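Working notes for the structure below.
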Amino acid sequence: MKNRILSLVLAVVMLMSVGSIALADELNLAQLPLTTEEGATVSILGMNSWYSTVDLTDAPLLKELADRAGVTIDWTLIDPTVYSDSVSPMLASGKDLPDILEMPDLDLNMDYIKSGMLEPLDTHFDLMPNYVAFLEKNPSIKGSLTADDGHIYYVPQTVVTHSYQPVMMYNMPWLEKLGIEAPTTLDAFVEYLRAIKANDMNGNGDPDDEIPMSIQSAFLPYMFGPAFGLDLVSGFYADDEGVVHYAAYEKEAYKAYLTFLHGLYEEGLLETEFTSLNRDQITSRCANDLTGVTFDFSWQMSNLYSAQYPNYDGTVGIIAGAAPLSGEHEGFYVARNPISGVFGINAKSTNIELAVKFLDYAMSEEAQDLYVWGLEGLTYEVDDTGARHYLPRCTEDTIWYQGLGINAPNMPSQQSTPATDVLLPEWHVKNDREFEVPFMRDPYPTVYSTPDEAAITSMYLVDIQTYVDERAVAFICGYADIETEFDGYIATLEAMQIEELLKVRQAQYDRFAAAL
Ligand SMILES: [Ca+2]
Ligand SMILES: [Ca+2]
């Protein structure tokens with residue numbers, strides 16, 4: 001399930017790979033150029049473009065960035081699809097590494113940090129005004145990036161967290177036909193599914209060809225967990241008092257969640273083959289007007305699902321988002337953690353000061369503006385009201401556009417909501433602000449593990465997750481009986497050392513909270 005979610009997230013990151021927007025006249029904290037030394041060079045190890053036919057070595061926007069900084073960049077760029085496999089051995093050998101390193105992962109077990117290969121950036125914060133300002137504006141990112149020794153070793157690349165995340169999506173014409181609003185409670189939701197079953201919603205004369213609900217099984221926890229007060233997406237989560245829980249080990253609430261889903265399954269409202277349903281099948285159901293509700297990354301509602309309907313004209317959503325479902329608990333959506341990548345500085349570099357300054361400049365508002373918008377006249381124009389518009393070539397000539405270095409996968413670029421908005425129809429943007437963003441709740445944060453914590457986690461967590469996933473399907477489908485076997489399930493989790501893991505997560509959460 002984890003891998004599935006990860007690949008979904010990745011797909012969306014790629015679709016939405018747009019960085020932060022900024023006003024051109026925003027205060028620029030870096031003193032430019034960063035150096036007046038002739039021939040100054042900064043070497044960088046980073047990801048090349050996600051487009052296999054694009055090489056970012058001479059990308060004009062990144063060249064522009066380097067020119068303003070007064071440096072030449074010596075790139076080592078590697079295909080993102082093999083980045084981890086290629087870079088990990090290079091980092092392990094530690095020989096002849098560039099000054100700035102885009103890491104192969106978030107280093108959550110601090111393997112690279114503890115190896116001593118990275119310069120502690122906070123010891124250079126007097127040279128990093130842009131990054132210091134960023135951390136002040138983003139305390140939870142600061143909390144995530146503060147290692148257990150109190151130092152900060154990385155600069156982040158970030159993604160949008162609260163907009164365009166996984167949400168409920170309804171067949172709006174069907175709701176209208178039934179004369180009802182989008183359900184906001186579990187009870188009203190079940191009534192909606194029953195009405196679909198009972199009626200010929202698509203008007204083809206067959207009352208039985210509709211499939212009430214089309215949900216990929218990985219999204220069931222997103223969709224129904226919150227109504228029971230559970231963040232099953234994060235798995236571990238902290239309550240308002242800062243106490244960490246494991247959602248699938250919440251005796252009352254998780255049992256109620258499973259009982260509800262088993263009821264849907266028994267009534268034929270959750271389809272028999274729900275574990276194998278995929279996005280292509282859901283898309284095809286939309287094309288044939290066969291289904292009443294789905295749950296997916298918001299991104300899909302306009303460009304994928306609504307677009308399947310012949311009468312969709314881009315102005316009104318056919319498959320459109322709505323508020324989350326509430327039960328005994330107020331519904332919410334689970335947002336995403338912001339950090340998608342990290343950059344560090346090679347502690348053995350002979351060029352640390354300039355590398356620090358350049359990495360800081362690469363985080364500046366000015367640099368972010370360049371990654372997102374490019375340059376006036378090249379990628380965008382400004383209208384009479386001062387608003388920016390991308391030039392037609394940006395959407396017509398993808399390879400040229402990507403080749404500019406837009407959204408910079410090899411830089412600490414910050415994805416932003418406004419820059420994503422411009423790629424979506426107006427109704428979808430409104431939908432996001434009205435029905436999606438207000439209900440987002442932060443997931444369990446990204447937190448470093450100490451080596452001891454990492455050892456405990458790797459010893460127990462995978463087995464626990466596998467067991468939980470397998471039992472969830474068994475309880476929902478009725479292969480296991482909730483009334484007689486749920487207590488045994490809880491006892492098994494205890495035997496699998498769930499309490500030890502909770503202690504680890506609690507200690508990590510406490511460090512995160514203290515670093516805020
Ligand atoms: Ca029907
Ligand atoms: Ca029908």
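The values are calculated or read from the model by the stated rules, or taken from the named source; none is laboratory data. Nothing here was measured: the structure is a model prediction, and the numbers come from that model. Every residue, glycine as well, gets a Cβ built from its backbone with ideal geometry; the counts of neighbours run over all protein chains shown.
Is segment 200-214 home to any residue that is away from ligand 1 (no atom under 16 Å from the Cβ), within 17 Å of M301 (Cα to Cα) and either among the aliphatic types (A, V, I, L, M) or in contact (Cβ under 8 Å) with a residue 12 or more places away in the chain (or both)?
no
How many residues are among the aliphatic types (A, V, I, L, M) and touching a Leu at 6+ places or on another chain (Cβ under 7 Å) if we restrict to segment 297-340?
Of the residues in that region, 2 qualify.
For segment 180-199, name all the residues that are more than 16 Å from ligand 1 (Cβ to nearest atom), touching a strand residue (DSSP E or B) at 6+ places or on another chain (Cβ under 9 Å) and more than 17 Å from A320 (Cα to Cα).
Those that are more than 16 Å from ligand 1 (Cβ to nearest atom), touching a strand residue (DSSP E or B) at 6+ places or on another chain (Cβ under 9 Å) and more than 17 Å from A320 (Cα to Cα): T185, L186.
Residue under question is P156, and the condition is that it be touching a Leu at 6+ places or on another chain (Cβ under 9 Å), assigned to a strand (DSSP E or B) and either modelled with pLDDT of 95 or more or more than 16 Å from ligand 2 (Cβ to nearest atom) (or both); does it hold?
yes
Return the residues of segment 81-96 that are touching a strand residue (DSSP E or B) at 6+ places or on another chain (Cβ under 6 Å) and either among the charged types (D, E, K, R) or buried (at least 19 other Cβ atoms within 10 Å of the Cβ) (or both); say none if nothing qualifies.
Y83
Is it true that some residue in segment 221-244 is within 15 Å of ligand 1 (Cβ to nearest atom) and in contact with a Lys or Arg (Cβ under 9 Å, 6 or more places away or on another chain)?
Within segment 221-244 (the criterion being within 15 Å of ligand 1 (Cβ to nearest atom) and in contact with a Lys or Arg (Cβ under 9 Å, 6 or more places away or on another chain)), the answer is no, since none of the residues qualifies.
Checking the structure you have, find out if any residue of segment 292-303 is within 16 Å of ligand 1 (Cβ to nearest atom) and either within 23 Å of the chain's Cα centre (by Cα) or assigned by TED's automatic domain parsing to the domain that holds E181 (or both).
Yes, some residue in segment 292-303 is within 16 Å of ligand 1 (Cβ to nearest atom) and either within 23 Å of the chain's Cα centre (by Cα) or assigned by TED's automatic domain parsing to the domain that holds E181 (or both).
Can you work out which of the residues in segment 325-360 that are in contact with a Lys or Arg (Cβ under 8 Å, 6 or more places away or on another chain) and not aliphatic (A, V, I, L, M) is surrounded by the most Cβ atoms within 10 Å (Cβ to Cβ)?
Among residues in segment 325-360 that are in contact with a Lys or Arg (Cβ under 8 Å, 6 or more places away or on another chain) and not aliphatic (A, V, I, L, M), the one surrounded by the most Cβ atoms within 10 Å (Cβ to Cβ) is Y333.
Tell me whether segment 102-116 contains one or more residues that are of a type in the set (D, E) and over 30 Å from A455 (Cβ atoms).
no
Within segment 292-308, does at least one residue satisfy the condition of being part of a strand (DSSP E or B), without any contact (Cβ under 8 Å) to a residue 60 or more places away in the chain and surrounded by fewer than 21 Cβ atoms within 10 Å (Cβ to Cβ)?
No, the conditions are met nowhere in segment 292-308.
Go through D208, D187 for me and flag whichever is within 16 Å of ligand 2 (Cβ to nearest atom) and either assigned by TED's automatic domain parsing to the domain that holds D107 or within 25 Å of Y265 (Cα to Cα) (or both).
Result: D208 is the single residue among D208, D187 that is within 16 Å of ligand 2 (Cβ to nearest atom) and either assigned by TED's automatic domain parsing to the domain that holds D107 or within 25 Å of Y265 (Cα to Cα) (or both).
From the list T446, T417, which one is assigned by TED's automatic domain parsing to the domain that holds L391 and touching a residue at least 60 places away in the same chain (Cβ under 8 Å)?
Criteria check complete, one pass: T417.
Of all residues in segment 213-239, count the ones that are farther than 17 Å from V167 by Cα and not charged (D, E, K, R).
4
Which helices (runs of 4 or more DSSP H) sit wholly inside segment 432-516 and have at least 2 residues that are at pLDDT below 95?
Hits in segment 432-516: 451-477, 498-515.
Out of K142, K177, report the one residue that is within 16 Å of ligand 1 (Cβ to nearest atom) and either assigned to a helix (DSSP H, G or I) or not charged (D, E, K, R) (or both).
K177
Which of (1) part of a helix (DSSP H, G or I); (2) out of contact with any Ser or Thr (no Cβ under 8 Å at 6 or more places or on another chain); (3) of a type outside the set (G, A, S); (4) at pLDDT 95 or above does T385 not meet, given it meets every other one?
(1)
Would a scan of segment 111-126 turn up a residue that is basic (K, R), free of Cβ contacts under 8 Å to residues at least 12 places away in the same chain and either more than 21 Å from T457 (Cβ to Cβ) or surrounded by fewer than 21 Cβ atoms within 10 Å (Cβ to Cβ) (or both)?
Within segment 111-126 (the criterion being basic (K, R), free of Cβ contacts under 8 Å to residues at least 12 places away in the same chain and either more than 21 Å from T457 (Cβ to Cβ) or surrounded by fewer than 21 Cβ atoms within 10 Å (Cβ to Cβ) (or both)), the answer is no, since none of the residues qualifies.
When segment 193-242 is examined, which residues are found to be within 24 Å of R511 (Cβ to Cβ), outside any loop (DSSP other than H, G, I, E, B) and not aromatic (F, W, Y)?
Within segment 193-242, just A238 meets the criteria.
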